[in-house]
Amino acid sequence: MDNRADRIRSVLAARFAPLHLEVVDDSSQHAGHAGARPGGQTHYSVLLVSEAFTGMNRVARSRAVHAALEAEFAGGLHALALKLKAPSEP
C-alpha cells in the first residue's frame, strides 16, 4: 500500500473495529511547516468512533491510536489531528 491514508485506515480498522472512520490528508495545508515533506503524506485528520474507547479518557484514546500507528510515525507521519469518540458520545 503506497498511500499512507489507506495504511492508516487499515491499521485503525483492524485495531479498533470502528463504527465510523474518516482519514483526511491535510498535508497540503502544512506545506512549509515543520515536518512537511515534498509529496505530502505527513499531516492527517482522523475521526474515529469505536466501542474500544468506552471508558477511556481522551489521553488514553490518543495514546492508543499513536501506539497503533507507531510504524507510520517512524516512516514519516508527522502529525495527527484526532477526534476519538465512543458510540455513546455526541
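For the range 41-62, the condition holds for no residue, the condition being that it is modelled with pLDDT under 95 and basic (K, R). Output the residues belonging to the range 10-37 that are at pLDDT 95 or above, touching a strand residue (DSSP E or B) at 6+ places or on another chain (Cβ under 8 Å), surrounded by 16 or more Cβ atoms within 10 Å (Cβ to Cβ) and part of a helix (DSSP H, G or I). If the condition is that a residue be at pLDDT 95 or above, touching a strand residue (DSSP E or B) at 6+ places or on another chain (Cβ under 8 Å), surrounded by 16 or more Cβ atoms within 10 Å (Cβ to Cβ) and part of a helix (DSSP H, G or I), then L12, F16 are the ones that fit.
The values are calculated or read from the model by the stated rules, or taken from the named source; none is laboratory data. All figures in this text were calculated on a predicted structure; none of them were measured in a lab. Reconstructed Cβ throughout: ideal geometry from the backbone, glycine too, with neighbour counts over all protein chains shown.
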